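Structure first, then comments.
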Amino acid sequence: MIAQNAALQAENARLKKRIEELERRARNYAAPFSREQQTADPQSPGRRPGEGTFAHKAPPTPQQITATVQVDTPNTCVRCGFMGPLILTRHDKAWVTELTPQNAIQVTEYTVPVMACPQCHHRVRGDHPDLHADQRGATAHRLGPMLHATLQTLHHEVGLPVRRIGRVMHLLGGIHITQGAITQAAQRLAADGSPLAAHVDALQTHVQQAPFVHHDDIGWRIGTQNAWVGVFRSADTVVFRANLRHTNVDVRDGLGQNFAGVLVSDRFASYDSRFLQDVRQQKCLVHLIRNADEVAAGEQGRPGRGELYGLRVAQVFREGVRLHRDVTKGVYTRAAYAQQGEELTLRLNTLLNRAPLKSNANERLRPGILKQDVLDRVWRFLKDPDIPPTNNAAERSLRTVVMARNVSQCSKNAVGAQTYMRIKSTVETARLRGQDPVANLTSVTR
């Protein structure tokens, strides 16, 4: 009786710990942004009363100017079309603060001639490819495209919070940059119809034509609404999408209606939808190993040998992952790879195609894996070694998004979410391809 009492107490303690762990996981997934109830009417973003004043970017001092450019004098009136000598009325000053390739601060002063048309007296300003048409007065001093690209890379790739970027740039180069300037520049960069938006659309098309695509998602927030960030990753391209829904429709929208590759994912229910029944899939073996290990851990200490079933299933999948790693390293030939794969397939079939198990946990695990095996979603990588057996690539791509979620309030609105996803897709794809994210952003900024 005493021994039975001790066993029950130990079982009770184990179950309590398990329940706490499951509740913590549920909270982290469903509401990873706060522990309490969401605010129904949150404060609007922006400067609070009494906290700072509006100010434009001040002109540089003469000591800060490192180069000067004389803008060509115009000879055509843009208003009436007069061609010929114009009357010089004054010289405007405009500046561009830029990073040199060595990250040294470079401030270029442009002397812009402002002419007057002798026929209609309309003012005509000199034009230069590095200057904007409205770069005058309070907005005469602006940041260059390389500096803007560096700021966005610090936030979207490195994961530095926007409010810390200004301090970092001040420490590195003495540049004063406000949080609003960085945010507004990001919105202009990723606006609809911009070169960056077209670039991200091209990345999405590239993903839809890839031989295999990893997909995974995590919780996000847009304003006060719960949302999800989904990642679509091929061998050399990453695309992030923010959605208010968490359904198979979002997966199909990301893959496209004509997707002919293999979808690598976990066993979430949305992937079993009839809308994705024609999509070839490979289930992540690491997730299956984790499921089997959890079942085996739950059977420990109970009467019988129920824990052995989960351990055997996990061992088969571990050997499958190891087999794929060996063939990619050249340890096995294709023929030996196929032979080893057949042995693993037979072992798994023996574990799955059997009478119902006595353990309820094992019996829940068995038909779930059997369903995916019947649909040819477990061993598809044995037919084509180029297909990865795990979804680790998608999870790695989401790690920086998780970091951003933990240090911010996610997206204030739909425009902010779209801006973040477009720039994030660009810099992460550049990093995956071994390219310079700053150079990539600069190329779509100019």
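Converting phi to 3J(HN,Hα) with the Karplus coefficients 6.51, -1.76 and 1.60 and the offset θ = phi - 60°, the range 118-129 yields x, 8, 10, 6, 6, 7, 10, 9, x, 10, 8, x Hz in sequence order, with x at every glycine or proline. Put simply, when 266-276, 62-72 are sorted by average Cβ atoms within 10 angstrom per residue, most first, you get 266-276, 62-72. Excluding residues fewer than 8 places away in the same chain, name every one of the lysines whose C-alpha is closer than 21 Å to that of residue 283. Once the sequence-local lysines are set aside, what remains near residue 283 is 371, 383.
Taking amide hydrogens as placed 1.01 Å from N in the peptide plane, the amide H of residue 141 sits under 5 Å from those of 95, each at least 5 positions away in sequence or on another chain.
When the alpha carbon coordinates of the chain are projected onto the principal axes, the ranges are 104, 55, 39 Å, largest first. With kT/(6 pi eta Rh) evaluated at 20 °C and eta = 1.002 mPa s, and Rh the Kirkwood radius from Cα pairs, the range 208-393 diffuses with a coefficient of 121 µm²/s according to Stokes-Einstein. When the convex hull of its Cα atoms is viewed from all sides, the range 67-143 shows a mean projected area of 5.3 nm².
Label separation (residue 7 vs residue 358): 1.3 nm, computed from points 7 Å beyond Cα along the C-beta direction. With a threshold of 26 Å on the Cα-Cα distance, the over-threshold entries among 16/358; 93/412; 17/412 are 93/412; 17/412.
Between residue 273 and residue 90, the modelled label-to-label distance comes to 6.1 nm, taking each label 7 Å out from Cα in the direction of the beta carbon.
Residues whose amide H comes within less than 5 Å of that of residue 216, counting only those at least five positions distant or on another chain, are 231 (H built at 1.01 Å from N in the peptide plane). Remark on residue 86: its backbone amide H falls under 5 Å from none of the residues 5 or more positions apart or on other chains, H modelled at 1.01 Å from N. A simple rule links phi to the HN-Hα coupling: the Karplus curve 6.51 cos²θ - 1.76 cosθ + 1.60 with θ = phi - 60°, which for the range 327-333 gives 6, 5, 8, x, 5, 10, 7 Hz, with x for Gly and Pro.
Once the Cα atoms are used to define both axes, helix 360-374 deviates from the longest principal axis of the chain by about 60 degrees. Applying Stokes-Einstein at 4 °C and 1.567 mPa s to the Kirkwood radius of the range 89-207, computed over alpha-carbon pairs, gives a translational diffusion coefficient of 78 µm² s⁻¹. Per-residue Karplus couplings for the range 3-16, computed as 6.51 cos²θ - 1.76 cosθ + 1.60 with θ equal to phi - 60°, are listed in order as 5, 5, 4, 5, 5, 5, 5, 5, 5, 5, 5, 5, 5, 4 Hz, Gly and Pro entered as x.
Read the figures in this text as sums done on the coordinates, not as results from a lab. For clarity, every value in this text was computed on a predicted model and none was experimentally measured. Reconstructed Cβ throughout: ideal geometry from the backbone, glycine too, with neighbour counts over all protein chains shown.
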